[in-house]
1. For residues in the stretch 270-289 being modelled with pLDDT of 85 or more and either buried (at least 23 other Cβ atoms within 10 Å of the Cβ) or hydroxyl-bearing (Ser, Thr, Tyr) (or both), which is nearest to the chain's Cα centre (by Cα)?
2. Would you call Leu366 closer than 15 Å to Val116 by Cα, of a type outside the set (D, E, K, R), at pLDDT below 90 and not in a helix (DSSP H, G or I)?
3. Based on this model, can you work out whether Ile244 counts as under 23 Å from Ile355 (Cβ atoms) and modelled with pLDDT under 75?
4. Just give me the residues in the stretch 291-306 being loosely packed, with under 11 Cβ neighbours inside 10 Å and not hydrophobic (A, V, I, L, M, F, W, C), in sequence order.
5. Mind checking whether some residue in the stretch 257-268 is farther than 20 Å from Tyr169 by Cβ, modelled with pLDDT of 70 or more and in contact with a Leu (Cβ under 7 Å, 6 or more places away or on another chain)?
6. Does any residue in the stretch 51-75 that is touching a residue at least 40 places away in the same chain (Cβ under 8 Å) come within less than 8 Å, Cβ to Cβ, of a residue that is hydroxyl-bearing (Ser, Thr, Tyr) and open to solvent by 20 Å² or more (accessible area, probe 1.4 Å) six or more places away or on a different chain, and which pairs are these?
7. Picking from Pro333, Pro348, which residue would you name as being at pLDDT below 90 and open to solvent by less than 40 Å² (accessible area, probe 1.4 Å)?
Amino acid sequence: MQPHDFFLVILIVLFSARLFGEIFRKLSLPPVLGELLAGLILGPSFFGFIELSEVLKLLAEIGIILLLFEVGLETDLKRLMKTGWMSVFVAISGFVLPFIFGTAVSYYFFGFDIVVSMFIGGTITATSIGITVRVLQDLKKRDSLEGELVIGAAVLDDILGVILLALLYEFSSAGEVSLVHASKVFLFIVGFFIIAPIAAKVMAYLIKKYHDTNKIPGLLPTSVFMLVLFFAWLAHKVGAPEIIGGFAAGLALSRRFFLPFGIALAHDVKFSQKLENEIKPLVYVFTPFFFVAVGLSMNLKEIAWGEPYIWLLFGTIFILAIIGKIIGAMFIPLEMKKRLIVGVSMVPRGEVGLIFAEMGRVTNILDNVTYAALVLVIIATTIIPPFIIKYLYKDD
């Protein structure tokens with residue numbers, strides 16, 4: 001591809017992602033689904049204007065790393081501690097139950113092998129904290145008890161999901177489930193999450209110190225972007241997906257993340273806020289490439305939509321994805337309506353579910369039909385819950 005042709009491709013991808021994202025936002029739907037639709041329309045599923053080239057895949061890879069960086073950056077562990085055991089209970093039950101249900105049904109009922117079954121179960125463990133927070137904000141319920149509980153639970157759900165994703169990545173690489181390898185990877189990840197925040201805080205302190213005297217503009221976004229890429233490389237070296245590095249970097253640099261020994265690093269909230277503000281435009285530029293690439297990678301024309309199998313798989317996983325999130329919320333000491341709100345608020349999968357499904361596809365674990373069924377589940381569980389939450393709050 002000639003440079004001028006590639007520039008046109010970049011322009012079309014960014015423009016279409018923005019256009020459909022805005023349309024979906026106007027319809028009170030998650031903009032991320034608009035970006036996914038843009039990829040479907042541009043790709044082989046509809047018009048075939050753009051092919052998913054290696055360069056676009058690399059841009060999508062940077063996008064997904066920065067997306068997980070933003071998730072880490074927005075993670076607020078204080079919220080998790082504030083709501084105590086209820087958030088922990090909702091998060092763990094909403095993580096464990098969908099994984100067990102999805103894995104067991106895929107393995108015993110649909111006859112998938114264990115690695116495929118675990119990827120399906122893993123995909124429906126996700127909770128999109130961004131979509132949940134947006135709905136609660138729109139309804140002015142973010143600071144309510146159930147709002148704090150949901151956000152706290154979603155924080156822990158994200159952390160557990162990232163660890164599970166790393167373990168599934170190891171299983172996909174080995175082609176089998178090995179407890180020895182899983183234990184090794186788990187220990188590497190735990191060690192990485194312990195060391196990474198310390199290293200990032202030290203680096204942030206050095207960046208701040210140099211930033212105060214530096215006269216050349218652009219130090220912050222450049223330094224943080226380099227830090228994210230370094231952590232992604234380091235994560236790969238310890239046997240985990242590169243996106244783990246992005247998440248760890250975001251978590252470590254978040255002004256909401258505080259370590260007991262962070263006092264020694266002169267934690268500066270104002271500087272952290274400036275850091276967030278300067279790096280986020282970079283996140284917004286690259287993340288659409290990931291979601292558009294997901295759409296470009298699919299060819300809906302190749303799927304036999306008339307076959308009952310795909311709808312049986314979709315329907316079964318969809319029901320399990322909802323039940324698995326709601327069951328745990330039914331045991332917390334709140335009135336029934338608030339229990340339902342908490343449970344339904346944990347259902348949206350959004351971008352986090354797409355990350356699981358996409359990793360399953362690129363590692364050739366998920367075939368085209370299974371991948372399409374999972375994407376349908378992610379779309380359905382992302383679109384429907386906001387309307388249910390708004391209905392449950394209608395009398396407040």
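The values are calculated or read from the model by the stated rules, or taken from the named source; none is laboratory data. What you are looking at is a predicted structure, and each value in this text was computed from that prediction instead of being measured. Ideal geometry is used to build each Cβ from the backbone, glycine not excepted, and the neighbour counts take in all protein chains shown. The protein model used for the area step is the full one, side chains on, heavy atoms only, and it has no ligands, DNA or RNA in it. Shrake-Rupley method; radii C 1.70, N 1.55, O 1.52, S 1.80 Å.
1. If we filter the stretch 270-289 for residues that are modelled with pLDDT of 85 or more, which is where we start, we get 281-289.
Pick out the ones that are also either buried (at least 23 other Cβ atoms within 10 Å of the Cβ) or hydroxyl-bearing (Ser, Thr, Tyr) (or both) and you get 284, 287-289.
Details: Tyr284: 15, Thr287: 11, Pro288: 13, Phe289: 15 Å.
So the residue we want is Thr287.
2. In short, yes.
3. Values: under 23 Å from Ile355 (Cβ atoms): yes; modelled with pLDDT under 75: yes.
Against the criterion (under 23 Å from Ile355 (Cβ atoms) and modelled with pLDDT under 75), Ile244 qualifies.
4. The answer is Lys301, Gly306.
5. Checking the stretch 257-268: not a single residue is farther than 20 Å from Tyr169 by Cβ, modelled with pLDDT of 70 or more and in contact with a Leu (Cβ under 7 Å, 6 or more places away or on another chain).
6. That search, which allows pairs on different chains as well, returns Leu52/Ser297.
7. On the way: Pro333 fails: open to solvent by less than 40 Å² (accessible area, probe 1.4 Å).
Checking each option against the conditions leaves just Pro348.
Residue by residue, here is whether (1) outside any loop (DSSP other than H, G, I, E, B); (2) among the polar types (S, T, N, Q); (3) at pLDDT below 85 holds:
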position: Met1; (1), (2), (3): no, no, yes
position: Leu8; (1), (2), (3): yes, no, no
position: Leu14; (1), (2), (3): yes, no, no
position: Ala17; (1), (2), (3): yes, no, no
position: Ser28; (1), (2), (3): no, yes, yes
position: Val32; (1), (2), (3): yes, no, yes
position: Glu35; (1), (2), (3): yes, no, no
position: Ala38; (1), (2), (3): yes, no, no
